[in-house]
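Below: one structure, written as structure tokens.
The values are calculated or read from the model by the stated rules, or taken from the named source; none is laboratory data. What you are looking at is a predicted structure, and each value in this text was computed from that prediction instead of being measured. When we count neighbours, we look across all protein chains shown, and the Cβ atoms used for this are built from the backbone with ideal geometry, even at glycine. Each accessible area value is taken on the protein alone, full model and side chains, heavy atoms only, with ligands, DNA and RNA left out. Shrake-Rupley method; radii C 1.70, N 1.55, O 1.52, S 1.80 Å.
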There are 2 protein chains.
Amino acid sequence: MKAMDQYQIFVVDDHQLFLDGMIRILEDEADFAIAAFFNNGNEVLHALNRTIPDLIILDVQMSGIDGISLCEEVKRRFPEIKVLFISMFEQSNVILNCKTAGAEGFLPKTSDAAIVKDTIRKIIRGETVYLKNTEKLEKKKVIFPTSIFLLSNREKEIIRLIKSGNTSKTIADILSISEYTVQTHRKNIFKKLGLVSMSELIAFAYDNGL
Amino acid sequence: MKAMDQYQIFVVDDHQLFLDGMIRILEDEADFAIAAFFNNGNEVLHALNRTIPDLIILDVQMSGIDGISLCEEVKRRFPEIKVLFISMFEQSNVILNCKTAGAEGFLPKTSDAAIVKDTIRKIIRGETVYLKNTEKLEKKKVIFPTSIFLLSNREKEIIRLIKSGNTSKTIADILSISEYTVQTHRKNIFKKLGLVSMSELIAFAYDNGL
DNA sequence: ATGTAAATACCTGAAACTAGGTATTGCAGC
DNA sequence: GCTGCAATACCTAGTTTCAGGTATTTACAT
């Protein structure tokens, strides 16, 4: 079934039906091999200790760790793994966040199977696949800077995890760092942004499309 | 391809990838025939002038006409057509709305292919398929906008105050009630909406424009 | 009148957050 | 070589939230 010349692919989505569908769509193709699939993000990092796929297909919104944080963590540990987001969201800030997290591509779930297959091949060949209008978006962001640029990538990652409802302890587990470190990041975020409570932090996250 | 003893099925979902996946999942089965599929609800009623399927699979949230309204209209004109909802939402009030609209079943998108096939056969045989454990469902994290109607005015007031960064003690002062009462309201809100933390509560407030 | 929902209030223990620190390592820029 | 930032880690003390209860009053509807 699996051969050396096949692309190894991970698929991560908390909708099992979407996974079942993707498996059937991808197994039609001789050059794809689904190395593994997951219905939540937490197990993915562990699985990478055993198998290094060529590409990971991720959803943005998942229970537990969100797709963007997962992408950043994957890229930090294994920069050679390509990441393609397939999400029901199509807002420009979501797409931009995926790009910033280091993903090679973004597709909406309204895409069809042919586009997905095509995009996977492009990304593995080294291309990046985003909707054309992201260039404009990035220029906009430069023209209208906000205090979000005070934050490091790690800090933004932690904000997203807080926003998803994770406690400091859970975040520490997900990122494989100490709970103390997470608390330090929190304090630094508060200081940089002039916040005093979690509610203000989450308000900031929403207002800035994190 | 199509035979008289096959069940004629319509599939309606605005995520083309979900459609592509469902087509492959269902075409594995000899007793199913996908009579037609649609990525929005508007064309469905028109198509019913030419073909009357045994069952229609619907998403709740779609662009154009939403799934529940479509279900009501289908049932009004063709009460013999069975309807199965497959949705990313799992809130009990959403399921209840589907039931009220006359649907024979509801499945979350976290279900797997085997469950879907099984459910389709049950429904066509005349059974109805709803999840029994709606209490557990309410603990899930996905929030549906109409959940807000579960809340009393006082509860919404307290959510707004929490969102503004107030602690239970401050809210108690503002409303001239006991801090214990605020905590009770908080717990009731969590229970009604299936939340477990303040961050989720604030996320809810944002998503619902509170 | 009986049941249900809303709003109120109290108690406790455990978990999580907030705020004040200190401190080391590594890396990029001047 | 020095500076500054990012990321890491630890400590303590105090505050707040979270989860399990119980319980009373008012009010509205079947």
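Numbers at a glance
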quantity: Exam field: B:THR167 pseudo-label spacings to other copies (7 Å along Cα-Cβ), nanometres; calculated: 1.9
quantity: Cβ crowding within 10 Å averaged over residues, with A:47-60, B:8-21, B:100-113, B:30-43 ranked highest first; calculated: B:8-21, B:100-113, A:47-60, B:30-43
quantity: Shortest-first nm distances, B:ARG125 label point to equivalent points in other copies (7 Å, Cα→Cβ); calculated: 5.0
quantity: Cβ neighbours within 10 Å from other chains - mean over A:190-201; calculated: 3
quantity: Charge dipole (the stretch B:1-60, unit charges on Cβ, about Cα centre) - positive-most of B:VAL11, B:ASN39, B:THR51; calculated: B:THR51
quantity: Exposure of B:ARG24 as accessible area (Å², to 10), given a probe of 1.4 Å and all protein chains; calculated: 50
quantity: Per-q log10 I(q)/I(0), the stretch A:1-91, q = 0.20, 0.23, 0.24 Å⁻¹ (Debye; single scatterer per alpha-carbon; no solvent); calculated: -0.94, -1.23, -1.32
quantity: Peptide-level mean, for B:10-21, of C-beta atoms on other protein chains within 10 Å; calculated: 6
quantity: Per-residue [θ]222 nm for chain A (sum of -39500 (n - 2.57) over DSSP H runs n ≥ 4, rounded to 500); calculated: -14500 deg cm²/dmol
quantity: Among the listed pairs B:LYS99/B:LYS163; B:LYS109/B:LYS163; A:LYS75/A:LYS192; A:LYS156/A:LYS191; B:LYS163/B:LYS192, those beyond 22 Å (Cα-Cα); calculated: B:LYS99/B:LYS163; B:LYS109/B:LYS163; A:LYS75/A:LYS192
quantity: The stretch A:32-87-the stretch A:107-129 distance, computed between alpha-carbon centres (Å); calculated: 16
quantity: Accessible area (Å², 1.4 Å probe, nearest 10) - A:LYS192; calculated: 90
quantity: Computed over chain A, Kirkwood Rh from alpha-carbon pairs, angstrom; calculated: 17.9
quantity: For chain A, share of DSSP beta bridges that run antiparallel, in % to the nearest 5; calculated: 0
quantity: Overall dimensions of the stretch B:145-207 as given by Cα atoms, namely Rg and Dmax in Å; calculated: 10.8, 30
quantity: With all protein chains modelled, accessible area of A:ASP207 [1.4 Å, Å²]; calculated: 120
